[in-house]
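Below is one structure; the comments refer to it alone.
The values are calculated or read from the model by the stated rules, or taken from the named source; none is laboratory data. This structure is a prediction, so every number in the text was calculated from the model and none was measured. When we count neighbours, we look across all protein chains shown, and the Cβ atoms used for this are built from the backbone with ideal geometry, even at glycine.
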Amino acid sequence: MQAAIYPGSFDPITNGHLDVVRRALSLVNRVVVGVIYNPEKNPLFSLEERMDLIRTLFKDEPRVEVASFSGLLIDFARLQNVYTIIRGLRAVSDFDYEFQMAITNRHLCPKLDTVFLMTDVDYSYLSSSLVKQVARFGGDVSSFVPMEIELKLKEKLGL
Ligand code: PNS
């Protein structure tokens, strides 16, 4: 496989996401991290902030690109001319939603396939929402996110 898209909200990117990108890089030559612009979700970090943070974390990894998309993932895939989607699976609880998305996407675009990568067990409970919740109440998130993200979270939340 030449390239794959790793789509998500990344609000913010966590160690679990980074683990998935690293695993994907051992399978494909290039990973396009696709950051969704979805104002309805009311993200903590703006699209630019989320993208900048990911770019900073992968500044020494030229095989990782960061791009944004809105609307359908299949249209982004067509635009990128990349038809392999990477998604992380943390636990069985992720499966239903991921299965629905993967099948819907393939129905809409038959040449598109989704590859699921199991995250490290250390991150099997981790989510961006959980990280934001812990950070909001002053909890220690240093084992959940890289230092750059921890600092940005503190700044954003006025801590
Ligand atoms: O990090 P997330 O929030 O779990 O990522 C979900 C995402 C962005 C991958 C998903 O919501 C998505 O692909 N949205 C684009 C809309 C779309 O294509 N919907 C049809 C497939 S279900």
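Say we look at region 15-45 and pick out the residues that are out of contact with any strand residue (DSSP E or B) (no Cβ under 9 Å at 6 or more places or on another chain) and in a helix (DSSP H, G or I); which of these is surrounded by the fewest Cβ atoms within 10 Å (Cβ to Cβ)? Among those residues, the one meeting the criterion is Glu40. Close Cβ contacts (under 7 Å, 6 or more residues apart or on different chains) running from residues in region 113-138 that are under 21 Å from Phe99 (Cα atoms) to residues that are modelled with pLDDT under 95 and surrounded by fewer than 15 Cβ atoms within 10 Å (Cβ to Cβ) comprise Ser124/Ala91.
Within region 97-135, the residues that satisfy the criterion of being more than 26 Å from Gln2 (Cα to Cα), assigned to a helix (DSSP H, G or I) and either in contact with a helix residue (DSSP H, G or I) (Cβ under 7 Å, 6 or more places away or on another chain) or within 14 Å of the ligand (Cβ to nearest atom) (or both) are Tyr97, Tyr123, Ser128, Ser129, Leu130, Val131, Lys132, Ala135. From the set of residues in region 63-75 that are within 8 Å of the ligand (Cβ to nearest atom) and crowded, with 18+ Cβ neighbours inside 10 Å, which is nearest to Leu112 (Cα to Cα)? Looking at residues that are within 8 Å of the ligand (Cβ to nearest atom) and crowded, with 18+ Cβ neighbours inside 10 Å, I get Ile74. Of the candidates Phe99, Phe144, Phe76, the single residue that is at pLDDT 95 or above, hydrophobic (A, V, I, L, M, F, W, C) and in contact with a Ser or Thr (Cβ under 7 Å, 6 or more places away or on another chain) is Phe144.
Just to be sure, is Tyr37 farther than 16 Å from Leu18 by Cβ and within 11 Å of the ligand (Cβ to nearest atom)? Yes. Yes or no: Glu48 away from the ligand (no atom under 14 Å from the Cβ), closer than 26 Å to Asp122 by Cα and either out of contact with any Cys (no Cβ under 9 Å at 6 or more places or on another chain) or outside any strand (DSSP E or B) (or both)? Here the answer is no, as Glu48 does not meet what is asked.
Quick check: anything in region 35-46 over 22 Å from Thr114 (Cβ atoms) and of a type in the set (Lys, Arg)? Among the residues of region 35-46, not one is over 22 Å from Thr114 (Cβ atoms) and of a type in the set (Lys, Arg), which makes the answer no.
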